[in-house]
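The values are calculated or read from the model by the stated rules, or taken from the named source; none is laboratory data. This one's a predicted model, so the numbers in the text were calculated from it and none came from an experiment. Here Cβ is always computed from backbone atoms with ideal geometry, including for glycine, and neighbour counts include all displayed protein chains. Accessible surface is based on the protein model in full, side chains and every heavy atom, while ligands, DNA and RNA are left aside. Shrake-Rupley method; radii C 1.70, N 1.55, O 1.52, S 1.80 Å.
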Amino acid sequence: MPSLDAFARAKLADLDGRGLSRALAPTRRLAGPWVERGGRRLLSFSCNDYLGLTHHPAVIEAAVKAARDFGAGAGASRLVTGDHPLMAELEERLAALKGTQDACVFASGYAANIGTIPTLAGPGDLVVVDALAHACIWAGAQLSGAQVAAFAHNDMDSLRSVLAARRAAAGVCLIVTEGVFSMDGDLAPLLALSRLAEAYDAWLMTDDAHAVGVLADGRGSSAHFPQAKVDLQMGTLSKALASQGGYVCGSRAVIDLLKSRARSFVYSTGLAPSAAGAAIAAIDLMTADPALAAAPLQRARRFTRAANLPEASSAIVPVVMGDPGTALNAQARLEDEGFLVVAIRPPTVPVGTSRLRLTFTAGQPEEAIDQIAREVRKLAN
Ligand SMILES: *Cc1c(COP(=O)(O)O)cnc(C)c1O
């Protein structure tokens, strides 16, 4: 057996050889969509701060006030002494935003998915997941011990054939997808999904990490497809809601069950008061101003028109380049022009689809969007 250090060095050398090693780049996020990296000020098209609220004075003030009132940390898990007074307020806001009876806040979106799915499905059950769903949905499905099956991305024929082949032999069945896909920016066809769920006696769960703040005045994918019946809506506080933490919205009984049984809830410290305070303030700002939540999609569509790409349906626009090196070169060329667009490579996206992933956020100047569209058109030539 090699030493642990030699083992790690060999693994890193292999990743390096395939253009897949990753390194942190210290980045200072400034007010608005600007960042400072490597001594340069760049306009970011890689932040998920869709509404630009991470630096909003009212959101920062709410975080500071929450820390003053309730401390810098929660001090324990929620079920012990970590359920500070802002948690109930935050869960009430989230349930109201999503139109559900109740909500459960976790330490992160990742924790929400890996806690929720195993609480609802186990050995003998079936979890069916869109092939392009986020890594933490897959992690939750694997952790559940249920049978796990993929259906081709947004392909209802593929989902139907998985359900036809495997549903009958399983106990409960959970279908999981994303409201807005994080690396492709397309929407899940929720009405068709909910009809299939009903036909095959399955529950439907959405991950709305990139839909909240962007679709339907910020309320997300279920509000965008009001006829769809979605049993559980998961999401994160860390994107449009400008803070940190994850949540699941559903019926009161489902939420009570999660609070008793979801392991990443029960055995993890409660969200810091400052994070809860900031998220509450962000929800309040977003719901008070529908024009704010319209801004990311408006900007994305301005970009896709100018770059001659298919019309954006969310704040995320992928420009697929193919191999990792091409995507990294494109990132470097845009950085020379003053734009930060981080290349996304496998395993975050399938092999052969390394890409630039642009996110559009409320504060980006329109002239800059026209300019980056010209640069992206040049990359294609
Ligand atoms: C970001 C993201 C998560 C994880 O949320 P965090 O709060 O950052 O842990 C989960 N699902 C999707 C689709 C995401 O994009």
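Report the antiparallel proportion of the DSSP beta bridges in the chain as a percent, rounded to a multiple of 5.
Working: 26 of 45 bridges.
Around 60 percent antiparallel, to the nearest 5.
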Subject >> Gap separating the Cα centres of segment 191-237 and segment 238-312, nearest whole Å >> reply: 14
Original post:
Out of ASP284, ASP14, ASP208, any idea which swings most in a Gaussian network model of the chain, alpha carbons joined below 10 Å?
Top reply: ASP14
**OP:** Could you tell me what percent of the accessible area of the chain is made up of carbon and sulfur, with a 1.4 Å probe and every protein chain present?
**Re:** 54
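Per residue, how many Å² of accessible area does segment 198-342 show with a 1.4 Å probe?
Values: 5780 Å² over 145 residues.
So segment 198-342 comes to 40 Å² accessible per residue, rounded to a whole number.
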Original post:
Shape of the chain from its Cα gyration tensor (a ≥ b ≥ c, root eigenvalues): rounded if a/c is under 1.5, otherwise prolate when a/b > b/c, or oblate?
Top reply: rounded
Original post:
Amide H to amide H, which residues 5 or more places from ASP130 or on other chains are under 5 Å from it, using H placed in the peptide plane?
Top reply: PHE151, VAL176
Original post:
What residues have an amide H closer than 5 Å to that of ASP207, excluding those fewer than 5 places away on the same chain, when H is modeled at 1.01 Å from N in the peptide plane?
Top reply: THR177, GLU178, GLY179, MET234
Subject >> About the Cα centre, charge dipole magnitude for segment 323-381 (Lys/Arg +1, Asp/Glu -1 at Cβ), debye >> reply: 300
Original post:
So how strong a dipole does segment 228-381 carry about its Cα centre when Lys and Arg Cβ are +1 and Asp and Glu Cβ are -1, to the nearest 20 debye?
Top reply: 500
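Nearest 5 is fine: what % of DSSP beta bridges in segment 124-270 come out antiparallel, could you say? Mind dumping the intermediate values first?
Values: 5 of 22 bridges.
Percent antiparallel among DSSP bridges in segment 124-270 is about 25.
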Original post:
Does segment 112-179 classify as rounded, prolate or oblate by the C-alpha gyration tensor (a ≥ b ≥ c root eigenvalues; a/c under 1.5 gives rounded; else a/b over b/c gives prolate, otherwise oblate)?
Top reply: oblate
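Remind me, relative contact order of segment 1-149 in percent, using alpha carbon pairs under 8 angstrom and six or more residues apart? Don't jump to the answer; show the numbers that get you there.
On the way: 117 pairs, mean separation 15.7, N = 149.
With pairs under 8 Å counted, the relative contact order is 11 percent.
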